[in-house]
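Engineer: Quick one: the structure is below, questions incoming.
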Amino acid sequence: MFSLRAMDTEITLHAPGLPAEHRAALGLAVGDVFAAAEARFSRFLHHSELSQLNRATEAFAASPALLAALLRARGHVAMTEGRFDPTIGGALIAAGYDQSFDRVFARAGERASPSHPRPAGHAARRPRFEEIDVDEARGLVYRPLDIQLDLGGMIKGATVDEASRLLPRDAALDAGGDAVLRGDDPADGDGDGSGGWLVEVEDPRDPDGTVATLRLRDQAVATSAANRRRWRAGQRWAHHLIDPATGAPARTDLLQVTVVADRAERAEVLAKAAFIAGSRDGARLLSRLPGVGAVLVRADGALLFLGALDVVEHAAAARPLAAPSAIAPQGGP
Amino acid sequence: MTANATTKDATKAKAMTSPLDRKKAPATARQDPGELRWWITAGLATTYLVAWWAFAPAQVSDAPAPTGLATEADVTAPPVAAAAPRSTPPGATNVVLWWHELPLALRPKLELPAGWQVATPDRRAAPTIGAQRAWRPTAAYRTVAQERRRRPRVRTRSS
């Protein structure tokens, strides 16, 4: 195992079949991938390319990497019917998430309000990603001045995907819950025929608990919940999952969504979108996507499984989700 | 000095060392170590003999049973069902057989109470009580697929 910290997250590499020195070299190479992505896409680093774009007052000449990310984001917006939208950057700042989260959390105890509070009586505009004009041919990006972009989770997933290309055949890369599992866990070397990697899904009500154990092979997994990146804003709790429709932290009947997909970026985007959509619309969204499985933990304790999942163990409160209609209509308020 | 005086002095000296005088001499705080060792040895030997006589009468063929202690004949033997087959002939040594090592043809038919099962040497399949789990369940868990207990290396959560 090799661990490092980047993107405000613990990155862990599992490659038990590699000699220790090769594993360390691989870990450093993975670290370089994360460092490069953070330097380019962090909205908390003043000189990052994304921060420059967010400050640009005219057409911005974007790097191929940023252009590609914005074009992929456009596809994700369409896939999630707008529940994933990178133009929530301003709403995150308004909610108090204007610095890296450890600083937000440290500040919340002493100052329970956003650092840049929205002026009273000022109704926030609900920006949409369609307003971002990406000129692929000329490499230019046009951004309305009042829109701040945030690519946070999507870029973390994309970076896990990119770094996973460095992995040997039987290895796993875990970035704070966004993980790519490749091949088989060598611990299963004597072979019981099951193969793959076992992945625990955390219980959002108890960080030490587990609601399910899944078996993944050549797949990726990501989880979205409001139990970790949250802070006090005034009299209420705020969290980082902003509903683009309201511009505020999402209010939903879900505690957590875990998505299994072919790529970590796709899993991350879908988990966030389903969480924001609520159990009914989220299940409907996920169920029509091929090759996607999901574990939904509802606020009433129900544990719902969706799509093709290899569930090894799960909590007793679980039931398979045959169809989205099986869920009582308790969509987000 | 005269001869008479010499005799008196000798008698006086003899009288000073007579046994009577030694008895009347004040007792010293320290006893003779040899004598103490003898008493300790005698006490231990007596204790051993009494204990041996009291707790191991059956070992001694000629020793009479001490009063108040039950002999083997006094202990009520458990009732043995007349129809119960003996698994071993009288005098033979009892042996332990593992069920799974018996050839199929030799395995007697078992009628187990509901919910019971024959344990196997395979630890994966053997029922265990209070088996340590690698994870901590928060609710009642049920296993949907039993497999080799591999410890999950990856844990997905919001971050």
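The values are calculated or read from the model by the stated rules, or taken from the named source; none is laboratory data. Keep in mind the model is a prediction, meaning the values are calculated, not measured. Cβ atoms come from the backbone with ideal geometry, glycine included; neighbour counts cover every protein chain shown. We work out accessible area using only protein heavy atoms, side chains counted, and drop any ligands, DNA or RNA first. Shrake-Rupley method; radii C 1.70, N 1.55, O 1.52, S 1.80 Å.
Engineer: For region A:8-54, report the accessible area per residue in Å² (1.4 Å probe, heavy atoms, rounded to an integer).
Structural biologist: So region A:8-54 comes to 45 Å² accessible per residue, rounded to a whole number.
Engineer: Now a separate question. Using amide H atoms built 1.01 Å from N in the peptide plane, name the residues 5+ places from residue A:10, or on other chains, whose amide H lies under 5 Å from its own.
Structural biologist: A:176
Engineer: With every protein chain kept in the model, how would you rank A:7, A:154, A:1 by accessible area, 1.4 Å probe, largest at the top?
Structural biologist: If we order A:7, A:154, A:1 from most to least accessible, we get A:1, A:7, A:154.
Engineer: How far apart, in nanometres, would the label points at residue A:142 and residue A:288 be if each is projected 7 angstrom from Cα along the Cα-to-Cβ direction?
Structural biologist: 3.1
Engineer: Further question: With N set to the number of residues, divide the alpha-carbon radius of gyration of region A:226-281 by 2.2 N^0.38 Å and report two decimals.
Structural biologist: Here the answer is 1.17, to two decimals.
Engineer: Now, a different point. Enter the buried accessible area of the B/A pair, total of both sides, probe 1.4 Å, in Å² rounded to the nearest 100.
Structural biologist: So the buried area, both faces added, is about 3300 Å².
Engineer: Which residues of region A:201-243 show a drop of at least 40 Å² in accessible area when all protein chains are present, compared with their chain alone (probe radius 1.4 Å, heavy atoms only, ligands and nucleic acids excluded)?
Structural biologist: SASA drop of 40 Å² or more in region A:201-243: A:202, A:208, A:210, A:223, A:228.
Engineer: If DNA, RNA and ligands are ignored and the probe is 1.4 Å, what is the ranking of A:142, B:48 by accessible area, most exposed first?
Structural biologist: Of A:142, B:48, the descending order of accessible area is B:48, A:142.
Engineer: Using a 7 Å offset from the Cα along the Cα-to-Cβ direction at both residue A:187 and residue A:4, what is the distance between the two label points in nm, to one decimal?
Structural biologist: 2.4
Engineer: If you plug each phi of region A:144-152 into the Karplus form 6.51 cos²θ - 1.76 cosθ + 1.60 with θ = phi - 60°, what whole-Hz ³J(HN,Hα) values come out, in order, with x for Gly and Pro?
Structural biologist: Listing the rounded values in order: x, 5, 8, 10, 10, 8, 9, 10, x Hz.
Engineer: Which residues' amide hydrogens lie under 5 Å from the amide hydrogen of residue A:242, considering only partners 5 or more residues apart or on another chain, with H built in the peptide plane?
Structural biologist: Distant-sequence amide H within range of residue A:242: A:250.
Engineer: Grab every C-alpha pair in region A:14-73, bin the distances at 5 angstrom width from 0 up to the longest one, and report whole percents.
Structural biologist: So the P(r) values, bin by bin, are 4, 17, 19, 19, 11, 9, 10, 7, 3, 2, 0.
Engineer: Mind listing the long-range amide H neighbours of residue B:153? Cut-off is under 5 Å, sequence gap 5 or more, other chains count too, H placed in the peptide plane at 1.01 Å from N.
Structural biologist: Under 5 Å from the amide H of residue B:153: A:198.
Engineer: Under the Karplus relation 6.51 cos²θ - 1.76 cosθ + 1.60, θ = phi - 60°, what is the ordered set of whole-Hz ³J(HN,Hα) values for region A:61-76, x standing for Gly and Pro?
Structural biologist: For region A:61-76, the Karplus-derived couplings read 7, 8, 6, x, 5, 5, 4, 4, 5, 5, 5, 5, 4, 4, x, 5 Hz, x marking Gly and Pro.
Engineer: Something else now. Mind grabbing the accessible area of residue A:155 for me, 1.4 Å probe, Å², rounded to tens?
Structural biologist: For residue A:155, the solvent-accessible surface is approximately 10 Å².
Engineer: Continuing with this model, one more query. Using the Karplus equation 6.51 cos²θ - 1.76 cosθ + 1.60 (θ = phi - 60°), what ³J(HN,Hα) coupling, rounded to whole Hz, does each residue of region A:210-219 give in order, writing x for Gly and Pro?
Structural biologist: Taking θ as phi minus 60°, the curve returns 9, 9, 6, 10, 10, 10, 10, 9, 6, 9 Hz for region A:210-219.
Engineer: What is the sum of charges, Lys and Arg at +1 and Asp and Glu at -1, for the other residues whose Cβ falls under 9 Å from the Cβ of residue A:65?
Structural biologist: Here the charged neighbours net out to 0.
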